[in-house]
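Worksheet: the structure to be examined is printed underneath.
The values are calculated or read from the model by the stated rules, or taken from the named source; none is laboratory data. Bear in mind that the values here come from a model prediction, so they are computed numbers and not experimental data. Ideal geometry is used to build each Cβ from the backbone, glycine not excepted, and the neighbour counts take in all protein chains shown.
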Amino acid sequence: MPSALHCLEFVCPEDSTVSLRCDAAQVEHLRLFLKVAIVEQLLLRLHAGVDLEVQNPFARLRDFCGYFVLSALPVGCDALDDVPLRMAMVPDSQSKRRLIAAFTANDALQFFVAAREAAAQTREEQLVSVQLSGLELFGHLAGSSADGIVFNACGPTQPIALQREVTKAILNYP
């Protein structure tokens with residue numbers, strides 16, 4: 001019999017004949033979805049300046065290992081080895097702020113790439129996807145000259161912008 005970690009069965013409380021079985025891959029996908037949903041809600045609440053309503057919210061943002069960024073890589077270069085991380089920026093229509101593009105899930109990254117490619121001319125760089133932990137992402141932002149960060153700038157969820165100063169709280173508080 002499969003362990004609870006590898007298989008889940010959901011039974012509808014109103015009708016015990018209705019059930020849903022999930023294999024290990026589906027369970028892992030569901031877990032990732034829930035982690036992303038929690039991180040996105042924390043970021044939205046942080047942006048709105050409202051109570052984060054969970055214990056150790058900043059630790060959750062730091063510990064999340066599913067953030068994505070796009071880094072520019074010279075055409076013809078095969079890997080990021082020995083190449084500094086040069087994160088893609090979000091166009092800022094309101095002013096000339098430098099805003100790093102970051103993503104909470106791969107689908108949000110793909111929306112950004114599609115929008116960017118639709119507006120692209122020829123480029124001397126290629127973009128590569130880099131997965132980072134929150135500690136890596138917010139640490140990079142804190143040490144950069146960027147003014148802030150925008151999560152999921154092109155959807156599918158609401159874009160979430162944070163000023164660079166917010167990284168101090170994320171990096172230093174529980």
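Just one of (1) modelled with pLDDT of 95 or more; (2) on the phi > 0 side of the Ramachandran plot fails for ARG62. It is (2).
Which ones in region 131-146 are in a helix (DSSP H, G or I) and either within 11 Å of the chain's Cα centre (by Cα) or closer than 18 Å to VAL90 by Cα (or both)?
Within region 131-146, GLY134, LEU137, PHE138, HIS140, LEU141, ALA142 meet the criteria.
Go through region 115-130 and count every residue that is over 16 Å from the mean Cα position of the chain (by Cα) and in contact (Cβ under 8 Å) with a residue 12 or more places away in the chain. Number of matching residues: 7. Checking each residue in region 108-137 for being loosely packed, with under 14 Cβ neighbours inside 10 Å and at pLDDT 95 or above picks out no residue at all.
Taken across region 152-169, residues that are in contact (Cβ under 8 Å) with a residue 24 or more places away in the chain, outside any helix (DSSP H, G or I), out of contact with any Leu (no Cβ under 9 Å at 6 or more places or on another chain) and polar (S, T, N, Q) do not occur at all. Of the residues VAL50, VAL27, the single one that is at pLDDT below 95, outside any helix (DSSP H, G or I) and under 28 Å from GLY155 (Cβ atoms) is VAL50.
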